[in-house]
Amino acid sequence: MRLILLGPPGAGKGTQSERMCRRYGLAALSSGDILRAQIRENTEVGKTAAGLVEAGALVPDDVITAVMLAGIAEVPESPGFILDGYPRTVAQAESLEAGLASSGASIDVVLEFSMDDRLIVERIVNRRTCEKCGATYNLKFLPPGNAGICDQCGESLVQRADDREDVIVTRLDTYRAETAPLVQYYAGKGLLESIDASGPADEVEREVSGIVDRLCGSA
Ligand code: AP5
């Protein structure tokens with residue numbers, strides 16, 4: 001199973017990716033997490049990405065594609081993987097398709113998470129993450145058991161540098177201009193399934209896993 005999670009910032013892609021990995025044993029490749037790790041390690045990719053990520057702009061297509069295709073190459077063929085945050089432009093989608101085709105693979109389904117902007121801002125400003133294990137929480141909707149501490153590894157939780165309200169506006173604009181065209185792109189290929197991402201996380205998980213189970217059953 002090879003899945004893409006597509007949707008605006010804060011729609012819950014990372015949260016559901018984590019749950020799908022636990023449920024199906026899939027490998028998760030989050031382009032945002034990978035870029036943030038490169039920034040922390042101050043690699044060449046990290047140096048290119050730092051200012052762009054903090055400002056809510058996209059990293060160049062060739063840079064992110066090289067990183068993601070290298071990550072995909074390391075993932076065992078079975079049971080498959082989830083791409084969270086990649087591709088984000090039509091050019092990236094074409095490069096991904098070509099990269100997978102060179103090893104005889106292709107994407108099985110693209111899940112489009114949709115919800116309105118007001119809820120997006122509320123989710124993002126309240127997000128806290130664990131830099132050690134990558135777990136994501138929400139002060140309002142999905143709080144940790146102990147304030148400020150990761151339930152999974154005990155590390156302190158932090159707020160992402162790009163989770164400020166002014167940057168969120170830019171990220172939403174970037175999504176509409178650069179990434180939203182992928183909805184039509186994948187619909188045209190018959191790969192798109194739409195998810196109402198505005199409900200509670202358990203409800204969204206039921207919807208996502210219903211689609212995955214159906215596709216697995218028909219595989
Ligand atoms: P990235 O890290 O991918 O950010 P994003 O797409 O903006 O997505 P988010 O991580 O903000 O949100 P999410 O949908 O994963 O939501 P989450 O599950 O955390 O990218 C960051 C930057 O990297 C980009 O701006 C760009 O600069 C660069 N970049 C990345 N990929 C790139 C690419 N392909 N090309 C070029 N540049 C790239 O949930 C949000 C919050 O809501 C959390 O607090 C969570 O606990 C809570 N929550 C989740 N689901 C629910 C629910 N159902 N109900 C209530 N609360 C919920």
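Assorted remarks:
- For region 120-146, a residue qualifies if it is in contact (Cβ under 8 Å) with a residue 60 or more places away in the chain and either open to solvent by less than 30 Å² (accessible area, probe 1.4 Å) or in a strand (DSSP E or B) (or both), and the qualifying residues are Ile120, Ile124, Arg127, Ala135, Thr136, Leu142.
- Leading residue by the ranking (farthest from Ala101 (Cα to Cα)) among those in region 16-74 that are within 10 Å of the ligand (Cβ to nearest atom), hydroxyl-bearing (Ser, Thr, Tyr) and touching a residue at least 40 places away in the same chain (Cβ under 8 Å): Ser17
- Only one entry in Thr136, Thr170, Thr179 is under 25 Å from Glu41 (Cα atoms) and not charged (D, E, K, R), namely Thr136.
- Complete set of residues in region 186-219 that are within 14 Å of Ile4 (Cα to Cα) and within 14 Å of the ligand (Cβ to nearest atom): Ile195, Val208, Ser209
- Tabulated pairs, region 86-98, first touching a residue at least 24 places away in the same chain (Cβ under 8 Å), second of a type in the set (Val, Ile, Thr), C-beta under 6 angstrom, 6+ apart or interchain: Arg88/Thr179; Gln92/Thr65; Ser95/Thr65
- Here Ser209 fulfils each of the conditions (1) open to solvent by less than 80 Å² (accessible area, probe 1.4 Å); (2) out of contact with any helix residue (DSSP H, G or I) (no Cβ under 9 Å at 6 or more places or on another chain); (3) assigned to a helix (DSSP H, G or I) apart from (2).
- The lone exception for Pro9 - which of (1) near the ligand (Cβ under 6 Å from one of its atoms); (2) of a type outside the set (Asp, Glu); (3) in contact with an Asp or Glu (Cβ under 8 Å, 6 or more places away or on another chain) it fails: (3)
- Residues of region 97-119 satisfying the condition of being in contact with a strand residue (DSSP E or B) (Cβ under 8 Å, 6 or more places away or on another chain) and either more than 12 Å from the ligand (Cβ to nearest atom) or assigned to a helix (DSSP H, G or I) (or both): Leu100, Ala105, Ser106, Ile107, Asp108, Val109, Val110
- Residues of region 158-170 satisfying the condition of being open to solvent by 30 Å² or more (accessible area, probe 1.4 Å) and either β-branched (Val, Ile, Thr) or assigned to a helix (DSSP H, G or I) (or both): Val158, Glu165, Asp166, Val169, Thr170
The values are calculated or read from the model by the stated rules, or taken from the named source; none is laboratory data. Keep in mind it's a predicted model, so treat the numbers as computed, not measured. Neighbour counts run over all protein chains shown; Cβ positions are idealised from the backbone, glycine included. Only protein heavy atoms, including side chains, enter the accessible area calculation; ligands, DNA and RNA are left aside. Shrake-Rupley method; radii C 1.70, N 1.55, O 1.52, S 1.80 Å.
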